[in-house]
Amino acid sequence: MRTYGQYCPIARGAEIFAERWTPVIIRNLYLGCGNFSEILEGAPGLSRTLLAQRLKQLERLGIVESTPKREGRGGHYELTSAGQDLFKVCVSLGEWGAAWLEIAPEHLDPFVVLWSMCNMLRRDRLPDRRIVIRFDFTGRRHPERYWLLIEHADTEICKTYPGVDEDLYITAEAEAFVKWHAGQLSWAGATRDGRIQLHGPSWLVRAFPTWNAKSAFAHIKPVPRTVASRLPTLG
């Protein structure tokens, strides 16, 4: 880990927090990803080798602690008190990003949105039977297809056909689905314009949007670009 060589708490904290992937790992742990595979699934693009290095580093710093699994290999990871406090920095960063940064085309990974949605589902509203939903995302360089399995309030995202009958089919522009989850586009507007389309039993079509608790930052309204451009600059 590189150091700024400064006593300043901002500099010392940045040595840890500003390491690539560290805030995402902290976020995933806070959301309840307890094992290596769960943390990795919520961080597309992060290699297994780098995740192992980051976890060891965070353990050494007293931010993460691990306990061996009772059965099998690997361990269970969770944030320490220091890690819980560090997550507050993640929240502040997220609030700033939601207000001041636009969602650009490179941010429209639909898998990440599905993963986030699964972590925030209103489980008390889920049906008491297995539901399989197929998602077809458009508007990307290559169309993407995923399946969401919901059973007994547990969820699983599949990248290949799970071998069971599908109950609901959703075709969505990736941008519309991302912005709906982020709170920047209403469900009524997205479906009225055909940017999100659902095919299946009417009760399931009506119920699906009520399961989504949306992003933790959906309540933050983006600052208009015209306002941002009028802010004074340094230098």
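The values are calculated or read from the model by the stated rules, or taken from the named source; none is laboratory data. Nothing here was measured: the structure is a model prediction, and the numbers come from that model. So basically every Cβ, Gly included, is an ideal-geometry build from the backbone, and we count neighbours across all protein chains shown. The area values use the complete protein model at the heavy-atom level, side chains included, leaving out ligands, DNA and RNA. Shrake-Rupley method; radii C 1.70, N 1.55, O 1.52, S 1.80 Å.
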Per the 1.4 Å probe, what fraction of the accessible area of region 109-235, in percent, lies on carbon and sulfur atoms?
50 percent
What figure, in Å² to the nearest 10, do you get for the accessible area of Arg125 with a 1.4 Å probe and non-protein molecules left out?
120 Å²
For Leu198, what accessible area in Å² do you get when you roll a 1.4 Å probe over the heavy atoms of the protein chains, rounding to the nearest 10?
30 Å²
Using amide H atoms built in the peptide plane, which far-off residues or other-chain residues are under 5 Å from Asn35 H to H?
Tyr77
Go through Ala172, Ile133, Ala182 and say which Cα lies farthest out towards the positive end of the charge dipole of region 63-189; charges sit on Cβ, +1 for Lys and Arg, -1 for Asp and Glu.
Ile133
Computed accessible area, Met1, all protein chains, 1.4 angstrom probe, square angstrom
120 Å²
Quick one: accessible area per residue over region 112-235, 1.4 Å probe, rounded to a whole number of Å²?
59 Å²
All-pairs alpha carbon distance profile, the chain, 5 Å steps from 0, percent
1, 5, 11, 15, 16, 16, 13, 10, 6, 3, 1, 0, 0
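May I ask what percent, to the nearest 5, of DSSP beta bridges between residues of region 84-235 are antiparallel? Display every interim value, and only then the final one.
On the way: 17 of 23 bridges.
Antiparallel bridges make up about 75 percent of those DSSP assigns within region 84-235.
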Each label point is 7 Å from the Cα along the Cα-to-Cβ direction; what then is the distance between the points at Val89 and Tyr161, in nm?
4.8 nm
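Figure the gain on full extension for Ser202 and Glu151 (residue separation times 0.36 nm, minus the Cα-Cα span) and round it to one decimal in nm. Could you put the intermediate results ahead of the total?
Numbers: separation 51, 0.36 × 51 = 18.36 nm, distance 1.97 nm.
The span from Ser202 to Glu151 would gain 16.4 nm if fully extended.
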What area, in nm² and to one decimal, does the C-alpha convex hull of region 95-195 cast on average over all directions?
7.2 nm²
Inter-label distance for Arg60 and His219, nm, one decimal - labels placed 7 Å from Cα along Cα-to-Cβ:
3.9 nm
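Taking only C-alpha pairs under 8 Å that are 6+ residues apart, what is the relative contact order of the chain in percent? Before the final figure, lay out the partial values.
Working: 292 pairs, mean separation 37.1, N = 235.
Relative contact order for the chain comes out at 16 percent.
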Can you sort Asp85, Asp124 by solvent-accessible area, 1.4 Å probe, largest first?
Asp124, Asp85
Under 24 Å Cα-Cα from Lys69, which lysines qualify once same-chain neighbours fewer than 8 residues away are excluded?
Lys56
